[in-house]
1. Which GluC sites (Glu not before Pro) in the range 227-321 pass both tests, a DSSP loop state and at most 10 other beta-carbon atoms within 10 Å?
2. Taking the Cβ of each residue in Phe394, Phe6 as the centre, tally the other Cβ atoms inside 10 Å and list the residues starting with the fewest.
3. Under a point-charge model restricted to the Cβ atoms of Lys and Arg (+1) and Asp and Glu (-1), what is the dipole moment magnitude of the chain relative to its Cα centre, in debye to the nearest 20?
4. For the pair Ser292 and Asp260, how long in nm is the line joining their label points, each one 7 Å along Cα→Cβ?
5. Compute the distance in nm between two label points, each set 7 Å from the Cα along the Cα-to-Cβ direction, one at Ser169 and one at Lys463.
6. Which of the DSSP-defined H helices in the chain satisfy a minimum axial length of 27 Å, computed from C-alpha atoms, and a minimum mean Kyte-Doolittle hydropathy of 0.0?
7. Whole angstrom only: what separates the Cα centroid of the range 133-163 from the Cα centroid of the range 286-355?
8. Report for the chain the percent antiparallel among DSSP-assigned beta bridges with both residues inside it, nearest 5.
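Nothing in this text is a laboratory measurement; each read-out follows from the coordinates by a stated rule. Here the structure is a predicted model, which means the values were calculated and not measured. Here Cβ is always computed from backbone atoms with ideal geometry, including for glycine, and neighbour counts include all displayed protein chains.
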Amino acid sequence: MVVKEFEKRILCIGAGYVGGPTMAMIAAKCPQYEVTIVDINTARIDAWQTDDLPIYEPGLLEVVKQVRDKNLFFSTEIDKNIKKADIIFVSVNTPTKTYGEGAGKASDLQFLEKTARNIISAAESDKIIVEKSTLPVRTAHAMERILNTNDKNLHFDILSNPEFLAEGSAIADLENPDRVLIGSRETESGIKARNEVVGIYANWIPREKIITSNLWSAELSKLVANAFLAQRISSINSISALCEKTEANITEISNAIGTDSRIGSKFLNASVGFGGSCFKKDILNLVYICESYGLNEVAKYWESVVEINDYQEKRFVKNMITLMFNTISEKKIALFGFAFKANTGDTRESPAIYVARHLVNEHAKLTITDPKAIGNAKEDLKPYLKEDISSIQFTENPYEAAKDAHAIAILTEWDEYRDLDYKKIFGSMEKPAFIFDGRDILDHEKLFKIGFNVSAIGKPLMKHF
Ligand SMILES: NC(=O)c1ccc[n+]([C@@H]2O[C@H](COP(=O)([O-])OP(=O)(O)OC[C@H]3O[C@@H](n4cnc5c(N)ncnc54)[C@H](O)[C@@H]3O)[C@@H](O)[C@H]2O)c1
């Protein structure tokens, strides 16, 4: 048997929402490279080897199937794979610290540091290490210190290549990104390493879209990109509160300001709030970094983006309770959507978690429906399920969820919720029936005509009483 010689051996440590799709794309675009993804989580690695992947992402399964066991491999054998890799992408999770110094704001770098120590103990040759995880600015400095003070006389070049994909459109984003950013030390060895990684992406991405920079700019750009994106959402959400007081309409405002080419139309949809594993964590990390450099005004400015998001979630729940005659005790409420956005099963930091918890605290009976996120929703609400199993039901069928309900709250902008038979749904509900559109995706006039009382973010209230 002739063993195929690959041009490069690429390893990714961390088989999550970033590691899985990015490496699948590299493998698909670069058949000359061997790409291996390792993880400490055996169940995840097992799932990547089936057709029931551990994460839902449109188009991902097709890409994985195209390359799996050809030049894309999944494994839990971390040391063995570190040994043979030329380039190692580190894509482990970097959650907000929950303990000690910086708890609640700083990044918890324990998984990153463990990975670095794993690399030193297993490596037998020089390697390029690429930070793919989102990290505080200057983390590469610590990585260099840990990795390059080894007693094996090995040299590691550390690069920063933050990932800008958005969940729900990861495959399209990876195939045709706005840009790829690669930061390095501006030394001979750093630039050589950077060119190696530029060479990987250049297999399918036009060279002018591959931006290079110094290490610190690359690390910080990722935090700043997420802070700017989240800030737009908080800005429009803050104005949605004012619209509800003044009969101005937030969709009309988004349209009016978004057509200004200096502002642009994206990320101007008002909603119950942003979620996802990154925005809040990355902004709080930015806040923490600013505070640690004594930049308190800068820290306060960015912290307010998170505060407005918390306010928006609270406002949404408060409004539901007030409109439903100040009590929702024993009332059935259907939550349409639990994922933090459409086209993903990811529920991390989803506003739906906050909404569900608070409604249950008010003794409402919830039925949660979502096409992809019910498994994660059950995990998120586990403590509540234990207390009173009957207070939360789950179904993939929105019609069943709405049956006998007093209210529906739209929490995820799944396309399928736009085109349901709301006449039929209205007929099956308790009266007066309410719809709280937390994503502004429904035809509110039409719903009002059917008989619903309609409360939507940033829109004039429509009620029959
Ligand atoms: N999810 C996104 O949309 C997104 C986008 C851009 C950047 N990021 C960043 O990318 C990083 C990864 O995010 P994610 O969403 O893929 O996280 P994730 O939790 O889905 O995946 C991380 C994986 O790393 C594994 N891991 C942790 N420590 C390990 C170790 N020592 N050895 C081997 N495996 C280990 C975990 O088991 C997990 O499977 C984070 O820093 C995140 O901020 C995420």
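1. Details: sites: Glu244, Glu247, Glu252, Glu291, Glu297, Glu303, Glu307, Glu313; in loops: Glu247.
Here the GluC sites (Glu not before Pro) that fit, given the DSSP loop and packing criteria, are Glu247.
2. Numbers: Phe394 19, Phe6 15.
Least to most surrounded, the residues fall as Phe6, Phe394.
3. Details: 57 positive and 65 negative charges, 62 e Å.
Rounded to the nearest 20 debye, it is 300 debye.
4. 3.7
5. With each label point 7 Å from Cα toward Cβ, the separation is 3.7 nm.
6. On the way: long enough: 215-246 (47 Å, 0.46); 296-323 (39 Å, -0.59).
Span-like helices here: 215-246.
7. The two parts, judged by their Cα centres, are 35 Å apart.
8. On the way: 3 of 53 bridges.
Counting only bridges with both partners in the chain, antiparallel ones make up about 5 percent.
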